[in-house]
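The values are calculated or read from the model by the stated rules, or taken from the named source; none is laboratory data. The structure displayed is predicted, hence computed values, not measured ones. Neighbour counts are summed over all protein chains in view; Cβ atoms, including those assigned to glycine, are modelled from backbone coordinates with ideal geometry.
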Protein chains: 2
Amino acid sequence: MRVEIWSDINCPWCYIGKARFERALERFPHREAVQVVHRSFELDPRAPQEARPVVPLIAAKYGIGLEQAEAAEQRIADNAEAEGLAYLRSGRDAANSFDMHRLLHFAAEHGRQTELLDALYRANFAEERSAFAPGRLAELAVGAGLEGAEAARVLADPDAYAEAVREDEATASAMGATGVPFFVLDRRLGVSGAQPTDTFTAALEQAWDSRTVVPLVAVGGDSGRDSSADSGADPGTDSGANPGEVCGPDGCAVPRH
Amino acid sequence: MRVEIWSDINCPWCYIGKARFERALERFPHREAVQVVHRSFELDPRAPQEARPVVPLIAAKYGIGLEQAEAAEQRIADNAEAEGLAYLRSGRDAANSFDMHRLLHFAAEHGRQTELLDALYRANFAEERSAFAPGRLAELAVGAGLEGAEAARVLADPDAYAEAVREDEATASAMGATGVPFFVLDRRLGVSGAQPTDTFTAALEQAWDSRTVVPLVAVGGDSGRDSSADSGADPGTDSGANPGEVCGPDGCAVPRH
């Protein structure tokens, strides 16, 4: 089973939701059969590259006072800590996350996506030093086990993995996601938001129990088989409905008599 | 979209079917959005480690003469060559493929699965030297871009990635596969056998066109939200049907007032 999680590194509920989902996964009896994949989603593709303090951003966005914005941030911090997550209670900042998403796709190709994702969340939500400070992403990449020079090349080339990020975003949109975190199980079942752990448990169970035999495409009569098959060599496939040649436990499609 | 292909390295129709599928994929307008994953399937989990010539194996399995078995092998070679694939017309051998599958899972973790899979097929179907010769797998791993010492450790430990191989096989069985190659598109549509390229094109189109909004799990009334939410901070989620906290284009779940 595969669980795809659309998130943005700037999204605190993604940080929290990931922890809640992981708690459900730890308890799930079939966890060894579950593969988790990060998918990119930018909450604000037009955000500037320069990091800005988060509390004034919240205040401006909702037209509320700094004090209320600060209270909202503290409530999120409470939720994070309730999940056992470290959370920087003051001084958190935000900026454009496109490069982070590009780097996560690069990391996926090298089997280091999970490590990098955790490092990015930690850097953004739990560490004093800004995740958006110059050179920080390259450092985090190395810390996650990626080759430094290669990671620097990816970061320096704005086109590298850009298409992969945009494709993830288009897919999220096609599947009905309007916000993140957005969890999709085997492309058949979705969970929107940082739901409680029990909800993720229910989703994992529902997706697991509804795994079914996949319908086969209807195949026409002409298999395009090489005409040498006419020379007495019966293709020996198992079923008239399926002219594709297969190898099964009893051998491959070969003459049978 | 994700296409999972269950195959065995000992399966000539998998080698041919992969080429036919890849031809369809090359022509598919949305090919950039298609991710291809190899899945393990052992045709004969009890096959010995020592390689044996393939023509006598075919003859014994079907109770046919060596000459007929040889003709069957030549017909497969004709099909392979028709797809532009090199095929060793004499002297091909076969043995247990479990270690190959374990190594393919290790390669996947390092972003080198495609390279290793192609190298394994080439070694088994197109090269004079046996793919099962001592030390050959370690060499092929390095050729595919994997780190030699790490690959050697995986090969020396029979438990390494063994569970991943068995899990793939259990999944194939659960989805109704009885032979390989077995292609599954987004866990929603299957193609069994080395079908003609046009069939793969039709399957890709059908799966693409039927991508849908995923249904969301029904979420109960109790979100398990931290009780600090009662202190005047409205969670501000978008919908009563979804108590999970989200971040959307308009910001995260924070007090709105």
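Does B:ILE58 satisfy the condition of being in contact with a helix residue (DSSP H, G or I) (Cβ under 8 Å, 6 or more places away or on another chain), surrounded by 18 or more Cβ atoms within 10 Å (Cβ to Cβ), within 17 Å of B:ILE16 (Cα to Cα) and aliphatic (A, V, I, L, M)? Spell out the reasoning first.
Details: in contact with a helix residue (DSSP H, G or I) (Cβ under 8 Å, 6 or more places away or on another chain): yes; surrounded by 18 or more Cβ atoms within 10 Å (Cβ to Cβ): yes; within 17 Å of B:ILE16 (Cα to Cα): no; aliphatic (A, V, I, L, M): yes.
It is false that B:ILE58 is in contact with a helix residue (DSSP H, G or I) (Cβ under 8 Å, 6 or more places away or on another chain), surrounded by 18 or more Cβ atoms within 10 Å (Cβ to Cβ), within 17 Å of B:ILE16 (Cα to Cα) and aliphatic (A, V, I, L, M).
A single entry from A:ALA133, A:ALA177, A:ALA152 fulfils the requirement of being over 15 Å from the mean Cα position of the chain (by Cα), among the small types (Gly, Ala, Ser) and not in a helix (DSSP H, G or I): A:ALA133. Consider the stretch A:4-23 and keep the residues that are touching a residue at least 12 places away in the same chain (Cβ under 8 Å) and away from every other protein chain (no Cβ under 12 Å). The one that is farthest from B:ALA172 (Cα to Cα) is A:ALA19. Within the stretch A:86-102, restricting attention to residues that are more than 14 Å from every other protein chain (Cβ to nearest Cβ) and of a type in the set (A, V, I, L, M), the residue that is surrounded by the most Cβ atoms within 10 Å (Cβ to Cβ) is A:MET100.
Can you tell which of A:ALA108, A:ALA72, A:ALA60 is modelled with pLDDT under 95, of a type in the set (Gly, Ala, Ser) and within 15 Å of the chain's Cα centre (by Cα)? Talk me through it step by step, then tell me what you get.
On the way: A:ALA72 fails: within 15 Å of the chain's Cα centre (by Cα); A:ALA60 fails: within 15 Å of the chain's Cα centre (by Cα).
Going through A:ALA108, A:ALA72, A:ALA60 in turn, just one is modelled with pLDDT under 95, of a type in the set (Gly, Ala, Ser) and within 15 Å of the chain's Cα centre (by Cα): A:ALA108.
Of all the numbered requirements in (1) in contact with a strand residue (DSSP E or B) (Cβ under 8 Å, 6 or more places away or on another chain); (2) within 19 Å of B:TRP13 (Cα to Cα), B:ALA119 misses one, and that requirement is (1). For the stretch B:99-130, which positions are assigned to a loop (DSSP other than H, G, I, E, B) and in contact with a Leu (Cβ under 8 Å, 6 or more places away or on another chain)? Of everything in the stretch B:99-130, those that are assigned to a loop (DSSP other than H, G, I, E, B) and in contact with a Leu (Cβ under 8 Å, 6 or more places away or on another chain) turn out to be B:HIS110, B:ARG112, B:ALA126, B:GLU127, B:GLU128.
Taken together, the residues in the stretch B:111-130 that are free of Cβ contacts under 8 Å to residues at least 40 places away in the same chain and under 21 Å from the mean Cα position of the chain (by Cα) amount to 8. The number of residues in the stretch A:64-95 that are in contact (Cβ under 8 Å) with a residue 40 or more places away in the chain and of a type in the set (Val, Ile, Thr) comes to 1.
The rows are residues; the columns are (1) aromatic (Phe, Trp, Tyr); (2) facing chain A (nearest Cβ under 7 Å); (3) crowded, with 18+ Cβ neighbours inside 10 Å.
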site: B:ALA170; (1), (2), (3): no, no, no
site: B:ALA174; (1), (2), (3): no, yes, no
site: B:ALA177; (1), (2), (3): no, no, yes
site: B:ASP186; (1), (2), (3): no, yes, yes
site: B:LEU189; (1), (2), (3): no, yes, yes
site: B:GLY193; (1), (2), (3): no, yes, yes
site: B:THR197; (1), (2), (3): no, no, yes
site: B:PHE200; (1), (2), (3): yes, no, yes
site: B:ALA203; (1), (2), (3): no, yes, yes
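Evaluating B:SER210 against the criteria (1) within 10 Å of chain A (Cβ to nearest Cβ); (2) closer than 21 Å to B:LEU25 by Cα leaves one unmet condition, (1). Looking only at residues in the stretch A:180-204 that are within 12 Å of A:ARG39 (Cβ to Cβ) and not in a strand (DSSP E or B), the one that is farthest from the chain's Cα centre (by Cα) is A:ARG187.
Kindly check whether there is at least one residue in the stretch A:215-231 that is within 11 Å of chain B (Cβ to nearest Cβ) and modelled with pLDDT of 90 or more. No, there is no match, as no residue in the stretch A:215-231 is within 11 Å of chain B (Cβ to nearest Cβ) and modelled with pLDDT of 90 or more.
When the stretch A:24-55 is filtered for residues that are in contact with a strand residue (DSSP E or B) (Cβ under 8 Å, 6 or more places away or on another chain), more than 12 Å from chain B (Cβ to nearest Cβ) and surrounded by fewer than 17 Cβ atoms within 10 Å (Cβ to Cβ), the ones remaining, listed by number, are A:ARG52, A:PRO53.
What residue, of A:ARG39, A:ARG2, A:ARG46, is among the basic types (Lys, Arg), under 28 Å from B:VAL3 (Cβ atoms) and modelled with pLDDT under 95?
On the way: A:ARG39 fails: modelled with pLDDT under 95; A:ARG46 fails: under 28 Å from B:VAL3 (Cβ atoms).
Unique residue meeting the criteria: A:ARG2.
Of the residues making up the stretch A:32-45, those that are free of Cβ contacts under 8 Å to residues at least 40 places away in the same chain and either closer than 19 Å to A:PHE132 by Cα or over 17 Å from the mean Cα position of the chain (by Cα) (or both) number 1. Scan the stretch A:1-21 for residues that are farther than 11 Å from A:LEU204 by Cα and under 13 Å from the mean Cα position of the chain (by Cα) and jot them down. Residues satisfying the conditions are A:GLU4, A:ILE5, A:TRP6, A:SER7, A:ASP8, A:ILE9, A:CYS14, A:TYR15, A:GLY17, A:LYS18.
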